[in-house]
């Protein structure tokens, strides 16, 4: 948070300085500024371009909009001022001519905002925060949750309780299967009674049947 507040303060100071220079050129008169540019060997139309750049980029820097682009514009202006006007006077200046120490400091400050992602509180930071929240929301929507990962295990349909309860089958409808029988058809209680009746109706042996059917022969003594 401290770095953010520091970056905000540096950005406001940088933008205010360039905005003040642009307003000063307008107040001095652009014709006079064009004549001065021509006196130092520069095209006069550059005065209008520099003034407009200082006004627009200074406003953007104060608001925190397109901070990196505005900082690059400041660097271009400072390099042009140092190379064309202030470099012969040296860093601190000589013979009443100002040096380029202030231009160098402003260029270094602008280079920070051109290279750094931290621009402090401003419209750029608000837009970046909104993009981060949107990306996080989309990532959370695309990533499967723990419940979704375990959902195949819990995907069995709900069965009513009355189906799960074991229904009691009446004794006369119960079926059992004979283990020793080759036939695997179910044997019911009715078939058991029929089988027992057939067993009692059959003769116990062939000898007893023959005895019953043989005629009576008296013994001869």
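The values are calculated or read from the model by the stated rules, or taken from the named source; none is laboratory data. Model, not experiment: these values are computed from the prediction. Neighbour counts run over all protein chains shown; Cβ positions are idealised from the backbone, glycine included.
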Output the number of the condition that residue 46 fails; it satisfies all remaining conditions of (1) under 30 Å from residue 4 (Cβ atoms); (2) surrounded by 14 or more Cβ atoms within 10 Å (Cβ to Cβ). (1)
Could you please give the count of residues in region 66-81 that are touching a helix residue (DSSP H, G or I) at 6+ places or on another chain (Cβ under 7 Å) and under 19 Å from residue 20 (Cβ atoms)? 9
Take residue 85 and tell me if it is at pLDDT 90 or above and at negative phi. no
Based on what the data block shows, is residue 110 surrounded by 20 or more Cβ atoms within 10 Å (Cβ to Cβ), outside any loop (DSSP other than H, G, I, E, B) and touching a residue at least 60 places away in the same chain (Cβ under 8 Å)? yes
Considering residues of region 38-50 that are closer than 12 Å to residue 81 by Cβ and either in a loop (DSSP other than H, G, I, E, B) or over 54 Å from the mean Cα position of the chain (by Cα) (or both) only, the residue modelled with the highest pLDDT: 42
In region 14-36, residue farthest from residue 121 (Cα to Cα) [restricted to those that are without any contact (Cβ under 8 Å) to a residue 12 or more places away in the chain and in a helix (DSSP H, G or I)]: 35
Looking only at region 54-65, and only at residues there that are over 13 Å from residue 17 (Cβ atoms) and crowded, with 18+ Cβ neighbours inside 10 Å, the one that is modelled with the lowest pLDDT: 64
